[in-house]
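Here it is: the structure, laid out below.
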Amino acid sequence: MDQALPVASTATTRRMRKTLLGTVPVSSPLYQLHPVTRFITLVFLGVVSLFIDVPEINILLIVMVFIYLHWAKVDMSNLKIYLPLTITVAIFMFTVSIGFPSRLPGYHTFQFLGITFYFESLYWTFASYWRLMAMLIGTIQYFSTNRERETLVAIRTLKAPFVITYFFSLALRSAGMFLEDMRTIREAERARGLDETSLALRDRAKLYVMYMIPLFTLAIRRTDEISNALYARGYTPSGKLENGVHRSDYILTKYPIRRIDIIVISAMIITFITVIILRVQFGIFAVAQSPLRIFLLSLWS
């Protein structure tokens, strides 16, 4: 469902479009692109980093994503909720790397606070972290700028089987409802005087476990409601009507593919294929080719 939310402003009133993870102005230039073009950005940014171990390139991809979000007029302040996740992942990865390093012959070592560090092991963790962050930020940018409807239009445009679209739409709708229910429960507790900041870490963990009871109850209730609604509208996993005729896809007529979409999609596909060939056939984008790594190793010589 297309939701436009009015937001008060000192100068003018902006209409905001609700996405899966936030809101975007209706006037955003992002919506000049076809939904399938935006969907391919998710696939491109979420997968291309798997073939790139050079951290500088992955950091550049993250910067490009933030430039893209700024161009799309996305409120960057909403992204701060992911900061604890990025810090937690970094702490976990480097703790494992320091506690259980690779001790291959020829690795460079140094001492700090009585602990022996292996440079190659640490740098591989550093490179892996930024590769993971590039994939994560690439995924967040998509779900922060697109609605369920646009994702489904993209999948239908790619001529995916109806059963895939059918279950994918249910998953997206369920995820959106789950987040809304979670937000409603937390706001209800805060309205009753609960201060989460005053709770110990153990009590917070117990609190989140307790959330599961009402969330699962609401999910089960909504599952039955969605099932009945789909049945009443004549939907079947095969995508056919009772007489065996396929349903017409009227919604696709509202999203024409333009020249800019073909150019952007072609550029992403060519770039993706080029990166795979360079990495698989020629070994380019390996961590050993990182300029920062080469510079740091030169300090030992």
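Every number here is computed from the coordinates shown, using simple stated rules; none is lab data. This one's a predicted model, so the numbers in the text were calculated from it and none came from an experiment.
Compute from the Cα atoms of segment 14-58 the Rg and the Dmax, the latter being the longest Cα-Cα distance, and quote both in angstrom.
Answer for segment 14-58, Rg first and Dmax second: 14.3, 42 Å.
On to the next question. Along each of the three principal axes of the Cα atoms of segment 71-176, give the extent in whole Å, ordering the values from largest to smallest.
Taking max minus min along each principal axis of the Cα atoms, segment 71-176 gives 58, 33, 26 Å.
Given the Cα-Cα distance of ALA232 and THR116 and 0.36 nm per residue of separation, how much length would full extension add, in nm?
So the extension gain works out to 35.1 nm.
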